[in-house]
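Structure first, commentary second.
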Amino acid sequence: MRIRTIGTWGWFVVFAGVLATSISTQPLAAQDELPGVSLGLVYADTYLPAMAVQPFFGAFGEDMIASQVEAIVGRDLRNSNQFEVIDSLPDAMVGSQVDYTLWDRLGAVWLVTGEIEVSGDGYILTVELHDVVYGEMRDRGRFRLPSQDDEDFRMSVHRTSDEIVRWATGAPGMAASRIAFTMVGNDGNKEVYVIDSDGEDLRQVTDYNSLTESPTWSPDGSRLAIASYKTGVPRIYEVDRFGNELSALPAVRGAGDYVTPAYHPDGNTLAFSVFGSNSQSGIFTYDLAQNCCLSFLSGGPWYDVSPTYSPDGRWLAFNTLRFGDAVPQVMMMPAEGGSAETLSPYEYGGGGFYAAPDWSPNGDLVAFHGRIDRRGRYHILVINLDDGGRVLRQLTSEGNNEAPSWAPDGRHLVFAGERSWGFGLMVVDVTTGRLRTLLSGRRVDLPDWSPVIPPA
């Protein structure tokens, strides 16, 4: 699906990111002018309907679990940036029945109610979405949740949140997803970790006691492709989402370091980069389904790296040094290889540095980071292919910001950032410009946002 750059293996190093401590909705202005490009993004005022979450009811004394589920759902709805979420009111104030008049006075447009009851070794969560303006229930669903000690418990609640978003907006949610990234652990080794979309449930996936990089999710969210030095040279491995190794790619023409894997949307083909001699450097594909059939797509006496597929599988965006000025640019070409066109605003000798492309799930946008201001800082940029690819939208305005990856809703990007106070993971809403902290105080690299995670 995506993959960014390569740490110690490539010609640029992705910074780990810092996280903002508060949500920002201030407009961003263009910082510099580039030839033929309108740079900068001014976020327009966007109306967000108010959504209230009434305290969930726990049948037969399950009030504690009901409160925990309610908290997860409320956080997910807030993180969607589709609503202004009204904080929950005390049970005594709202009662057990829906009081449309009360919620209307409080300014709510939508109201979510929930009830949870024990069912076997898990629970049944019944959720209703109410239209406060019209005073009526619009949607109702029953969702099975496993027991709290089941590793799929929180993800099951996230799936419920995504359904509420769909009911209210008609658009997909992104709560039931995870972000994979690399981070140096307490033992000094760089391993792959995953974290839920709400910043909870941080888990270590690999334990190779080695340098491990470039995690990327399979299209169904069941696997990860990673590059690791665990045998002394970087090779690409497939692991399941729990870190159990599934396969390893064979050697490419007998030599070379394998980095930056990216799945084709069909899940059966893996594109990746090889760093070897000049004749062996470039982008290759491998048929995972047949466990064979290496194919060379692009490369030569330069480096083509970090491929990312369009959602229809017809195109690849990638980084290249083919222009001869030692500054990477972003290009796209047919997925089978062939003539490539430049997406980044290239100007020979201009110093523009563009890297780490990721194609949006909707297919119209490509995100990457670029060095576009006079202070040499990197910012998250988005280019719209539907408008001819001539307008870059700048999504960040301070610090260093690198390696963007799209959420499954096509609305949010996760990236690694640096600020004056530290490092971490950040999420930006492409529509409103809102920023939130996902993980703070840790040097992280190369985040990759999963598709919606299927039930375990």
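Rounded to the nearest 10 degrees, the inclination of helix 63-79 to the longest alpha-carbon principal axis of the chain is 50 degrees. Stretching Leu246 away from Asn268 to a fully extended chain increases their span by 6.5 nm, per 0.36 nm per residue minus the current alpha-carbon distance.
What is the local net charge at Val133, summed over the other residues whose Cβ is closer than 13 Å to its Cβ (Lys, Arg +1; Asp, Glu -1)? My count for the surroundings of Val133 gives -1. Close amide H pairs (under 5 Å, H built 1.01 Å from N) link Thr206 with Val192, residues at least 5 positions away or on another chain.
Seen from Arg223, the other residues with C-beta closer than 11 Å to its C-beta sum to a net charge of -3, counting Lys and Arg as +1 and Asp and Glu as -1. For the chain, the longest principal axis of the alpha carbon atoms and the long axis of helix 153-169 meet at an angle near 80°. The H on the amide N of Asp139, modeled in the peptide plane, is under 5 Å from the matching H of Leu129, each at least 5 residues off or on a different chain. The calculated 222 nm mean residue ellipticity attributable to helices in the chain amounts to -3000 deg cm²/dmol, summing -39500 (n - 2.57) over DSSP H runs of n ≥ 4 and dividing by all residues.
Full extension of the chain between Glu117 and Asp87 gives 8.5 nm of extra length, using 0.36 nm per residue less the Cα-Cα distance.
Projecting the Cα atoms of Gln54, Phe153, Ser80 onto the charge dipole of the stretch 50-169, computed from C-beta unit charges around the Cα centre, puts Ser80 farthest toward the positive end. Over the stretch 375-456, with a single point scatterer placed on each C-alpha, what log10 of the ratio I(q)/I(0) does the Debye formula yield at q = 0.15, 0.26 1/Å? Those come out to -0.57, -1.36, one per q.
Working note: Karplus 6.51/-1.76/1.60 with θ = phi - 60° gives the stretch 426-440 the couplings 10, 10, 10, 8, 5, 7, 9, x, 5, 10, 9, 7, 9, 8, 10 Hz, where Gly and Pro are set to x. Kirkwood's formula applied to the C-alpha pairs of the stretch 99-189 gives a hydrodynamic radius of 15.4 angstrom. Just to be sure I understand, if you calculate Cα extents along the principal axes in Å for this structure, which of (i) 75, 73, 44; (ii) 79, 52, 49; (iii) 72, 49, 39 do you get? Matching entry in (i) 75, 73, 44; (ii) 79, 52, 49; (iii) 72, 49, 39: (iii). R0 = 41 Å: FRET efficiency of Ala71 with Cys293, Cβ-based, nearest 0.05? Computed FRET efficiency for Ala71 and Cys293 comes out at 0.25. Between the amide H of Asp257 and those of Phe275, Gly276, distances stay under 5 Å, these residues lying 5 or more places away or on another chain, with hydrogens modeled in the peptide plane. Rg/Rh for the stretch 197-323 stands at 0.96; both radii use Cα atoms, and Rh follows the Kirkwood definition.
Ordered by the count of other Cβ atoms within 10 Å of each Cβ, fewest first, Ser147, Ser156, Ser273, Ser80 give Ser147, Ser156, Ser80, Ser273. Full extension of the segment from Asp187 to Tyr47, taken as 0.36 nm per residue of separation minus the current Cα-Cα distance, would add 45.7 nm. On the basis of the beta-carbon distance and an R0 of 30 Å, Phe323 and Thr431 show a calculated FRET efficiency of 0.35.
Bear in mind these aren't lab numbers, they're just calculated from the coordinates by the rules spelled out. Since this is a predicted model, take the numbers as computed values, not measurements. Note that each Cβ is placed from the backbone with ideal geometry, even for glycine, and that neighbours are counted across all protein chains shown.
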